[in-house]
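Here the structure comes first, spelled out in structure tokens, and everything after it is commentary.
Computed from the coordinates by the stated procedures, all read-outs in this text should not be read as laboratory data. Just so we're clear, the structure is a prediction, and the values are computed from it rather than from any experiment. Glycine also receives a Cβ, built like all others from the backbone with ideal geometry; neighbour counts cover every protein chain displayed.
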Amino acid sequence: MTLSAFLADLRKRDVRMWADGDRLRCKAPAGMLTPELRQALQERKREILELLRSGVALAEQQRAIVPLQPCGAREPVFAVAGHNGDVFCYRALVEHLGDDQPFFGLQPPGLDGQSELLTRVEDLAGYFAGQVRAFRPNGPYVIVGFCAGGGIAFELARQLLQGGAAISFVGLFGSPYPTWYRFLPQLRRRVAQQVERISRHARALVSLSSGERRVYVAEKLRLRKAHRDRVHAAAADPVLVLRAKVERATIAAARSYTPGHFAGRVGLFLPSREWVRFGHAALGWRSVAHRTEEYVGPDGCDGDNMLREYAPRFAELFRCCRDAQDVAPATTCSRFVHG
């Protein structure tokens, strides 16, 4: 039985537990603590005490650290969210990593509508570093970032390493190098998207009859109106308004960030082969890391769905990176693992 299932069973039996130094204290209805249950509690004592202490530490922290999977004996993962600060983007990945992998999301300030937004990667990384150190001093840690959160994760690892902590590796999921967020690369991307969209519609219209064209155009107009309606609804939702503010702050931070050198290991988790074949901006991380490895997802995967539909495959790739032997040469190397 997994620890989470075991604890759920104890809650049903109204068994309450708390830590008293190195002792595990229990309170239960009369006759509930059978010899078999006492034995099971003794066998799981270390895991339960670790979980209880984590809960106390988290209660004393600001809400930057969000426990997505607090249990497990492996080195904990601290994961920076994507551009809008939603740490639950990792939920499917965590489910497929199993009960033995502790996993904590790092939520940026500003989502509560009260704390001040931070617009520099160095400041965001410093904010997270202080809380990670207080929660678990010295490490070792695994640091992860998704999309625009990749630069923050990279800088967080640098700051923790400079402070003397042990970093097993940094995992960047679909994270472009910061220069990708600057004006000219974004302009080129938007122009390319517009050209591709117009070409796609033109090819579709040429292949249709006049009646089918009217249906096609009407459907596209309907979808465009539905999109505008969603945008207007989001503008009235206070939660989405706060997320939009965090998104703007995160993108601004990524745009102005210039990474320093990281004397450690970086795993680049790329959605598909196209990111390697066309020299995607994510490969720019090679220039600032002592060692990089590429873990490539299957065809059809992209940055939007890699942690959702393809979460089982990226969980497998993450385990491959986590369990890889440390056989790095003195210079940066690349290791391709395809999905």
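Can you match Cα extents along the principal axes in Å to one of these, (1) 68, 50, 35; (2) 61, 51, 34; (3) 79, 52, 40, based on a calculation from the structure here?
Checked against the structure: label (3).
Students often check this: by mean Cβ neighbours within 10 Å, which of 99-112, 165-178, 305-318 ranks highest, and how do the rest follow? Let's see the in-between values first.
Values: 99-112: 20.9, 165-178: 23.9, 305-318: 18.5.
Final packing ranking: 165-178, 99-112, 305-318.
What is the diffusion coefficient of segment 192-308 in µm²/s, taking the Kirkwood radius over Cα pairs and the Stokes-Einstein relation at 10 °C with a viscosity of 1.306 mPa s? Display every interim value, and only then the final one.
Numbers: Rh = 18.6 Å.
Translational D for this selection: 86 µm²/s.
Chymotrypsin sites (Phe, Trp or Tyr not before Pro) within segment 195-299: which are DSSP loop residues with at most 12 other Cβ atoms inside 10 Å?
Working: sites: TYR216, TYR257, PHE262, PHE269, TRP275, PHE278, TRP285, TYR295; in loops: TYR257, PHE278.
Within segment 195-299, the qualifying chymotrypsin sites (Phe, Trp or Tyr not before Pro) (loop, at most 12 other Cβ atoms within 10 Å) are PHE278.
Mind listing the long-range amide H neighbours of ARG265? Cut-off is under 5 Å, sequence gap 5 or more, other chains count too, H placed in the peptide plane at 1.01 Å from N.
When sequence neighbours closer than 5 places are left aside, the close amide H contacts are VAL170.
Name the residue from GLY151, SER168, TRP180 whose Cα lies farthest towards the positive end of the charge dipole of segment 132-265, charges +1 on Cβ of Lys and Arg and -1 on Cβ of Asp and Glu.
TRP180
Lysines near LYS12 by alpha-carbon distance under 24 Å, same-chain residues fewer than 8 away left out - which ones?
Straight-distance partners of LYS12: LYS27, LYS45.
Kindly provide the helix-only [θ] at 222 nm of the chain, computed as the sum of -39,500 (n - 2.57) over DSSP H runs of four or more divided by all residues, to the nearest 500 deg cm²/dmol?
Values: 11 runs with 158 residues, N = 339.
About -15000 deg cm²/dmol.
Once amide H atoms are placed 1.01 Å from N in the peptide plane, what residues at a sequence separation of 5 or more from HIS83, or on another chain, have their amide H within under 5 Å of its amide H?
Those qualifying (amide H under 5 Å, at least 5 residues apart or on another chain) are ALA148, GLY149.
May I ask you to evaluate 6.51 cos²θ - 1.76 cosθ + 1.60, the Karplus curve with θ = phi - 60°, for each residue of segment 64-69 and list the ³J(HN,Hα) values in order in whole Hz, giving x for glycine and proline?
Whole-Hz 3J(HN,Hα) from phi for segment 64-69: 6, 8, 10, x, 8, 7.
For a quick check: with amide H placed at 1.01 Å from N, whose amide H comes under 5 Å from LEU68's, ignoring anything fewer than 5 positions away on the same chain?
Here the answer is PHE103, PHE104, GLY105, since their amide H atoms fall under 5 Å of that of LEU68.
Looking only at the chain, where both bridge partners belong to it, what percent of the DSSP beta bridges are antiparallel (to the nearest 5)?
Numbers: 9 of 37 bridges.
In the chain, DSSP labels about 25 percent of beta bridges as antiparallel.
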